[in-house]
Every structure is written in structure tokens, then in C-alpha cells.
Amino acid sequence: MTSDAPGTDTPFRSEPSARDEAPQFVLPLVVRIERAAPPTRTDALEAAARAVLVILSDERSVGEGPWAQAMRDWQDARIRKVVRRARGAEWRRAEALDGITVTTGSAEVRVFPPVPLDGWPKDLARLQVSGTDLDDPEAPPAPDPSAPVMWLNPDLGMTAGKTMAQAGHGAQLAWWELSYAERKEWREAGFPLSVRTADPERWPALTTSGLPVVRDAGFTEIPPSDTVVSEGPLTGDFLSGLAHL
């Protein structure tokens, strides 16, 4: 399933579609932001992207697993992800709920099975969406050429929380493009990936290259926009690259 073909039924477009008529769900993600030791922005973005892949591939999310119906309902509608922040006791309460914590570098992100838009568990509903601004103390290194890259639109000023959700969308589009065997190899390798901001000169070519493109519907922070291009899993180098990790 690609995100950019005309007429494609994709959850990442602003045009009305049959997906809008289905019950709407959201995938909750919580990032741990302690006052004394917040994560770096890039680590948080990559942890969020990996968290989405981890829950998509978890045995509880497929077949007759306890999360499977919620995952199917969520993917049949608009794909919504909301990132909230927690620290201290808030984080400990979030950890006690059914979900998966993914650690990437300095970042911890916990992902939970999808919930109805108005059906958040109270310990998650009380968490703040705002205040997720994070920084990189140093410029992140060049992305690993042997692993997928989620390229961010360089012209959009999104909060870290919004960008984490968009990185998760990009990872999900990449996942959908893969065969079962490719998904298995990526998972067994630990879902290596990078999230980086694209060079402004390269961004137009990325969005017209045929790679999966996330088009945010414009409900929050930004107008309808191309936000992420997923590069890597659709190239012939993907599996050969995994073999060397």
C-alpha cells in the first residue's frame, strides 16, 4: 500500500474517505521527560518510530491476540497517534498499564493498544500533550545507510510530540510496504532506523520519488502537509543491509 498514488485509500490524506465513517481510534504514546534528564529530540523521534513498529509486530496485535481487534479497528479508520509526556509517578502509572516500553539512546517511549478517541484510560488522559519540546545538544550523525530513514519536512516547525507522531506514521507506512519475510528480518534486527530532517534542496525530489509519503490531515499544529518520506525498505539494498547489522 503506497501513500501517494491517486485514489489510494490511505489514512494519511486530508480528503474525506470511507475511513472517516468508521469508528475512530488513536494509538497512545507516552514519552518519559524527567526534568533533570530529558531525552534528546532525535532519540525520542526514533524511539517513537520503533515503538509503532514494535506494537504492529507484537504477537498480541495479530491473529486472535488480545490487542488484535483494536489494532484492526484503528488501521481501518484514520491513523491517529497522540504523544503525551510523563515524569516520576505519572510515568510509573503509565508503565503499569498494558503496553510496551521502547528505549532508544536517552529516550523511553511507551506505546499502548489503540483506544477510542474519547476512551483514553484516566492515567493517560490526564497526561499533558504540551511541553514535549526537546532539543539535540549536538547535531545528530548522518543516518545509517544500511537502515531505513524517516526524512522530515525541513519547512515545518512541529513540536517534538507532533514530530514523534509523524515519525511513527512514516515507520508504519514503511512496514505496510514490506513482505512478511522482510518484516520478519527487520523485526529480528531490532528495527534499525533513523529519523532525520531532509536537506531543503532534496525534499521536493523525495516527495515525488514514489517512496511512501505521510500527508498530515492538518488537524493540529500545521496545515495539511507532506511531513515524512520513508526511504529504505523499498530499495533493493534493504535486506542486504540488514545482513550486515
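Data for the structure
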item	result
Residues satisfying the stated conditions in region 91-121, i.e. surrounded by 19 or more Cβ atoms within 10 Å (Cβ to Cβ), more than 19 Å from the chain's Cα centre (by Cα) and either assigned to a loop (DSSP other than H, G, I, E, B) or without any contact (Cβ under 8 Å) to a residue 60 or more places away in the chain (or both)	none
Conditions (1) buried (at least 20 other Cβ atoms within 10 Å of the Cβ); (2) modelled with pLDDT under 95; (3) more than 14 Å from the chain's Cα centre (by Cα); number of the one not met by I33	(2)
Where E201 falls short, out of the listed (1) in a loop (DSSP other than H, G, I, E, B); (2) modelled with pLDDT of 90 or more; (3) surrounded by 15 or more Cβ atoms within 10 Å (Cβ to Cβ)	(3)
Unmet requirement for T159, which otherwise passes all of (1) hydroxyl-bearing (S, T, Y); (2) within 29 Å of L211 (Cα to Cα); (3) in contact with a helix residue (DSSP H, G or I) (Cβ under 6 Å, 6 or more places away or on another chain)	(3)
Output for region 86-126, where each listed residue is within 22 Å of T42 (Cα to Cα) and of a type in the set (V, I, T)	I100, T101, V102, T103, T104, V109, V111
Unmet requirement for W74, which otherwise passes all of (1) crowded, with 22+ Cβ neighbours inside 10 Å; (2) modelled with pLDDT under 95; (3) part of a strand (DSSP E or B)	(3)
Any hit, region 184-193, residues being free of Cβ contacts under 8 Å to residues at least 60 places away in the same chain and buried (at least 21 other Cβ atoms within 10 Å of the Cβ)	no
Matching residues, region 155-176, being crowded, with 17+ Cβ neighbours inside 10 Å and either in a loop (DSSP other than H, G, I, E, B) or in contact with a Pro (Cβ under 6 Å, 6 or more places away or on another chain) (or both)	L156, M158, T159, L173, A174
First in region 139-168 and of a type in the set (D, E), second anywhere and assigned to a helix (DSSP H, G or I) and surrounded by fewer than 24 Cβ atoms within 10 Å (Cβ to Cβ), Cβ under 8 Å, 6 or more apart	D155/W203
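The values are calculated or read from the model by the stated rules, or taken from the named source; none is laboratory data. This structure is a prediction, so every number in the text was calculated from the model and none was measured. Note: ideal-geometry Cβ built from the backbone for every residue, glycine included; neighbour counts use all protein chains shown.
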